[in-house]
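The values are calculated or read from the model by the stated rules, or taken from the named source; none is laboratory data. The structure presented is a predicted model; accordingly, all values stated were derived computationally and were not measured. Methodologically, a virtual Cβ is constructed for each residue, glycine included, from the backbone with ideal geometry; neighbour enumeration extends over all protein chains shown.
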Amino acid sequence: MAVDARPTAVDVDPSLVALIRPVAAFVPSVHVVAREPRLDRPLADAAARVCASADVVATTAAVRTMYKRVGLDPTKTRPSSEALRRRVRKGQPLPRINSLVDVINWCSLESQLPFGLYDANRIQGPVVLRLGRPSEEYAGIRKDQVHVDARLVLADELGAFGNPTSDSARTMVTEGTTRALVVIFAPAELIPATAAAALALTLDRVNAYCGLAV
């Protein structure tokens with residue numbers, strides 16, 4: 001059964017509209033497993049292609065500029081997409097977390113755009129993209145508190161839960177996830193069709209590898 005994914009809006013704070021133009025989709029039904037063997041070959045092939053190319057793609061530069069414009073040094077606080085690229089170029093495989101996270105990492109690596117992936121059942125109310133408030137933080141995934149003061153963050157009625165570098169434990173995707181929100185943190189200077197194409201490809205792959213069994 002195909003997943004019935006559909007684009008959805010993420011409200012952007014007016015102060016950020018010239019900086020970032022996120023694209024997102026709500027996926028109302030997914031099947032997440034600990035490891036999907038069908039992903040072994042495409043993930044390895046994607047890593048090999050990145051290792052074979054020494055070029056810094058235009059999207060990487062655009063994301064770095066986006067970070068700099070909010071006062072972050074992207075060489076110290078790396079976008080998740082660039083962290084994945086650096087990992088595979090060091091000869092390390094893409095991390096295997098679960099089938100849905102693995103698909104998202106694959107798409108982020110290839111597009112060099114930072115993605116956010118969230119369990120939609122753990123989000124309350126509308127989602128807004130804004131700057132983190134003074135002293136704002138959340139419990140990270142497999143790490144201590146993530147401080148998001150003055151950083152790009154996604155937030156709901158309960159507070160901040162994700163950013164282009166590190167997401168929260170509260171909304172993390174697990175094998176128990178049945179509904180998901182996918183967000184691409186696309187820089188505003190990027191051609192809109194580029195982010196839209198990345199999202200469409202991502203949803204095709206989510207359908208192929210995380211769709212519900214017939």
Revision key, fill the gap. Output for Cβ contacts, cut-off 9 Å, separation at least six or different chains, first residue touching a residue at least 24 places away in the same chain (Cβ under 8 Å) and over 14 Å from residue 103 (Cβ atoms) in the stretch 33-44, second of a type in the set (A, V, I, L, M) and exposed (fewer than 13 other Cβ atoms within 10 Å of the Cβ), reads none
Point to revise | Among (1) touching a helix residue (DSSP H, G or I) at 6+ places or on another chain (Cβ under 9 Å); (2) surrounded by fewer than 22 Cβ atoms within 10 Å (Cβ to Cβ); (3) not in a loop (DSSP other than H, G, I, E, B), the one test that residue 75 misses | key: (3)
Study note, to complete from the structure: Considering residues that are over 18 Å from the mean Cα position of the chain (by Cα) and touching a residue at least 12 places away in the same chain (Cβ under 8 Å), the number found within the stretch 59-71 is 3
Point to revise | Count - residues of the stretch 98-131 that are of a type in the set (Val, Ile, Thr) and without any contact (Cβ under 8 Å) to a residue 60 or more places away in the chain | key: 1
Point to revise | Lone qualifier among 102, 40 - being more than 17 Å from the chain's Cα centre (by Cα) and farther than 18 Å from residue 161 by Cβ | key: 40
Review point. Does the stretch 17-39 hold any residues that are under 30 Å from residue 68 (Cβ atoms) and β-branched (Val, Ile, Thr), and which are they?
Key: 17, 20, 23
Check your understanding: Across the stretch 200-214, which residue is farthest from residue 122 (Cα to Cα) among those that are touching a residue at least 60 places away in the same chain (Cβ under 8 Å) and within 15 Å of the chain's Cα centre (by Cα)?
Key -> 201
**Study point:** Single residue of the stretch 134-144 satisfying the filter (at pLDDT 95 or above and in a loop (DSSP other than H, G, I, E, B)) that is nearest to residue 171 (Cα to Cα)
**Key:** 136
Check your understanding: Quick one: residue 188 ticks every box in (1) of a type in the set (Gly, Ala, Ser); (2) under 17 Å from the mean Cα position of the chain (by Cα); (3) closer than 30 Å to residue 38 by Cβ bar one, so which box is it?
Key -> (3)
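State which residue is surrounded by the most Cβ atoms within 10 Å (Cβ to Cβ) when the search covers only the stretch 94-133 and only residues that are acidic (Asp, Glu) and part of a helix (DSSP H, G or I).
Result: 102.
Hey, does the stretch 80-91 have a residue that's charged (D, E, K, R), in a strand (DSSP E or B) and either closer than 21 Å to residue 12 by Cα or without any contact (Cβ under 8 Å) to a residue 60 or more places away in the chain (or both)? Please lay out each step first, then the result.
From the stretch 80-91, those charged (D, E, K, R) are 82, 85-87, 89-90; that's our starting set.
If we keep only those that are in a strand (DSSP E or B) as well, we get none.
Checking the stretch 80-91: not a single residue is charged (D, E, K, R), in a strand (DSSP E or B) and either closer than 21 Å to residue 12 by Cα or without any contact (Cβ under 8 Å) to a residue 60 or more places away in the chain (or both).
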